[in-house]
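Reading through the structure tokens given below for one structure.
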Amino acid sequence: MKRSTLLLICLLVFLALVGGAAAWMYFSPAGALAPVSAEDAVQELLDTTDTAAWRSTYISLCAPETSAFESAETVAGDLFDTAVQGQRFSFRVDSGNASRGAPVYILSAGENDLLRLNARYDKAGRAWKVEPAPLNALHAEVRTLTVTVPEGTAVSVNGIALGEEYITDSRVPYTGISELETQFDVCPYRVTYTVPGIYAAVQVDVSREEGVLLLYSDGTRFDYTVPDAGTHAFRVTAPQEALVTAGGAPLTDAQAVSFAPLSTHVDIPDELAGALPVYTVYAAGGLYSDPSFTATLPDGTALEPTTGADGFPTFEMPGNEALWSECHERVENYMREIAGYGAGNTAVNYPAGYVVPGTPLLLYFQYALDTLHWTSGFTVTFNEVKTWGYVPLGEDAFLCQGVANFTTATRNETRENIVEYEMLWVRRNGTWYVQDMSFL
């Protein structure tokens, strides 16, 4: 073969190889001479997609898992908005995931990566297709929400009520609550609700019939108390020997503020003053609740309270039943004598025989006699006469109370009368006499 022929053949082979390579680079999707590259397709997508469309795509692909109190779409939208903030979109090759036939790109806004852009060549359409995919590069801080409220408070987060399943502590002490109040049978507490997995700022609403007061809030922790926190107080009076409880908790010397003998409306002689029952006044303040009270004598007798003008109770010694049985008829007869005497029936009724000689009470009846001569023609009808509260002062004296309900009438007038007395009786030579009395 001639040398010229061999050279021609080699030239033709070379031209065929070069032409084939050029054709491959032109017609191959990834070829260097291809008229439209994957990068061109991605750039075209960026040029034809606005921020709102990218936002919608991001939300549909990257919405995080949220609690029942938030919208996943809202959280994803907020993440996107924070990352973009008007910055220009760009892309770069994701070299760690790309291949020659299936390039992968990363969509960014400024320095914040948003999505993957997966490119594939559509042979039928002879064009590159670009599909967005999740990248999970944006992350928001997940917080745990705690709401501490007084018992009986309704709590809602973003308009959704919190049920008991969110209670993590049902016995949260109030700030500064006293040791006494912690011993009450029903001690007030607060309740803590815990909600995990919170992304965005939330709206916390609380509702309680008596009201609530916000103590602290930082968007994650909310602390509430009662509006009258630590403003409750009590004062209770009872016999010194009685066991007194407040809210079921025994009161001790720590709550005792004073000791005083039984208060009376009659004059007590010095020799009997030491026999008066002594009462203890208990008091406490700074409470979060109003307790109920009981008082019990050492023998188990439960005392009944009376409520004073200040709204606080006084437990008084019960009447001595044996003393009542012995003396009530004489005491009540004396009260009938007083009523008849006051009605002017002085010829029949004269209470002086029941009174200790030489006392101011006897003088009172004696001096009243002259004025009662002007009262005549009255009839007295008794509806009820009774006595109670017999309190012994030693063996030869006692205090008691009584009430007389009677009707006085003349030809011209009828009047209903109710009079109540406190009386001091003493025993002289085996007989009981009244020493002093007071109208109540």
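The values are calculated or read from the model by the stated rules, or taken from the named source; none is laboratory data. Computed from a predicted structure; not experimentally measured. With ideal geometry, Cβ positions are generated from the backbone for all residues, glycine too; neighbour counts draw on all protein chains shown. Ligands, DNA and RNA are excluded from the accessible area calculation, which covers all protein heavy atoms including side chains. Shrake-Rupley method; radii C 1.70, N 1.55, O 1.52, S 1.80 Å.
Restricting region 103-129 to residues that are among the acidic types (Asp, Glu) and surrounded by fewer than 15 Cβ atoms within 10 Å (Cβ to Cβ), which is nearest to the chain's Cα centre (by Cα)?
Of region 103-129, the ones among the acidic types (Asp, Glu) are 111, 113, 122.
Right, trim to surrounded by fewer than 15 Cβ atoms within 10 Å (Cβ to Cβ) and you get 111, 122.
Numbers: GLU111: 49, ASP122: 67 Å.
Out of the qualifying residues, it is GLU111.
Considering only residues of region 58-71 that are within 19 Å of ALA161 (Cα to Cα), touching a residue at least 12 places away in the same chain (Cβ under 8 Å) and of a type in the set (Gly, Ala, Ser), which is surrounded by the fewest Cβ atoms within 10 Å (Cβ to Cβ)?
Taking region 58-71 and keeping what is within 19 Å of ALA161 (Cα to Cα), we get 66-71.
Keeping just the survivors that are touching a residue at least 12 places away in the same chain (Cβ under 8 Å) gives 66-70.
Still in the list and also of a type in the set (Gly, Ala, Ser): 67-68.
Values: SER67: 17, ALA68: 9.
Out of the qualifying residues, it is ALA68.
Restricting to region 72-87, name every residue that is of a type outside the set (A, V, I, L, M) and either open to solvent by less than 10 Å² (accessible area, probe 1.4 Å) or under 10 Å from TYR199 (Cβ atoms) (or both). Step through it out loud before you land on a result.
Taking region 72-87 and keeping what is of a type outside the set (A, V, I, L, M), we get 73-74, 77-78, 80-82, 85-87.
Matches in region 72-87: THR74, GLY77, ASP78, PHE80.
Filter region 161-177 for residues that are outside any loop (DSSP other than H, G, I, E, B) and open to solvent by less than 70 Å² (accessible area, probe 1.4 Å); which is nearest to TYR224 (Cα to Cα)? Talk me through it step by step, then tell me what you get.
So in region 161-177, the residues outside any loop (DSSP other than H, G, I, E, B) come out as 161, 164-172.
Add one more test, that the residue is open to solvent by less than 70 Å² (accessible area, probe 1.4 Å), and what stays is 166-167, 169-170, 172.
Numbers: TYR166: 17, ILE167: 15, ASP169: 14, SER170: 14, VAL172: 11 Å.
In this case the residue turns out to be VAL172.
Give MET335, MET317 a once-over and let me know the one that is aliphatic (A, V, I, L, M), in contact (Cβ under 8 Å) with a residue 60 or more places away in the chain, surrounded by 17 or more Cβ atoms within 10 Å (Cβ to Cβ) and part of a helix (DSSP H, G or I).
On the way: MET317 fails: part of a helix (DSSP H, G or I).
Of the residues listed, the single one that is aliphatic (A, V, I, L, M), in contact (Cβ under 8 Å) with a residue 60 or more places away in the chain, surrounded by 17 or more Cβ atoms within 10 Å (Cβ to Cβ) and part of a helix (DSSP H, G or I) is MET335.
For region 178-215, how many residues are more than 15 Å from the chain's Cα centre (by Cα), in contact (Cβ under 8 Å) with a residue 40 or more places away in the chain and part of a loop (DSSP other than H, G, I, E, B)?
Adding up the residues that qualify gives 8.
For a quick check of your reading of the model, give me the residue pairs whose first member lies in region 218-240 and is among the acidic types (Asp, Glu), whose second is assigned to a loop (DSSP other than H, G, I, E, B) and surrounded by 18 or more Cβ atoms within 10 Å (Cβ to Cβ), with beta-carbon atoms closer than 9 Å and at least 6 apart or on different chains.
What qualifies is ASP228/TYR288.
Among the numbered criteria (1) β-branched (Val, Ile, Thr); (2) in a loop (DSSP other than H, G, I, E, B); (3) within 19 Å of ASP47 (Cα to Cα), which single criterion is violated by THR66?
(3)
Can you name the condition, by its number, that THR280 falls short on among (1) surrounded by 19 or more Cβ atoms within 10 Å (Cβ to Cβ); (2) under 28 Å from the mean Cα position of the chain (by Cα)?
Status for THR280: all satisfied but (2).
I need the full set of residues from region 202-231 which are among the charged types (D, E, K, R) and open to solvent by 80 Å² or more (accessible area, probe 1.4 Å), in order please. Outline the logic, then answer.
If we filter region 202-231 for residues that are among the charged types (D, E, K, R), which is where we start, we get 205, 208-210, 218, 221, 223, 228.
Residues satisfying the conditions are GLU209, GLU210, ASP218, ARG221.
Specify the residue that is surrounded by the fewest Cβ atoms within 10 Å (Cβ to Cβ); the eligible residues are those in region 290-313 that are polar (S, T, N, Q) and at pLDDT 95 or above.
To start, the set of residues in region 290-313 that are polar (S, T, N, Q) comprises 292, 294, 296, 301, 306-307.
Filter once more, so that each one left must be at pLDDT 95 or above: 292, 294, 296.
Details: SER292: 13, THR294: 19, THR296: 16.
Across region 290-313, the extreme among qualifying residues is SER292.
Of everything in region 381-440 that's hydroxyl-bearing (Ser, Thr, Tyr) and more than 24 Å from PRO277 (Cα to Cα), which residue is most open to solvent (accessible area, probe 1.4 Å)? Explain how you work it out, then say what you get.
The first filter runs over region 381-440 and keeps only residues hydroxyl-bearing (Ser, Thr, Tyr), leaving 381, 387, 390, 407-408, 410, 414, 421, 431, 433, 438.
Cutting the leftovers down to more than 24 Å from PRO277 (Cα to Cα) gives us 381, 407-408, 410, 414.
Working: THR381: 78, THR407: 22, THR408: 16, THR410: 43, THR414: 95 Å².
Top of the filtered list is THR414.
Is it the case, given these coordinates, that ALA275 is touching a Phe, Trp or Tyr at 6+ places or on another chain (Cβ under 7 Å) and not in a helix (DSSP H, G or I)?
Working: touching a Phe, Trp or Tyr at 6+ places or on another chain (Cβ under 7 Å): no; not in a helix (DSSP H, G or I): yes.
So ALA275 fails the test.
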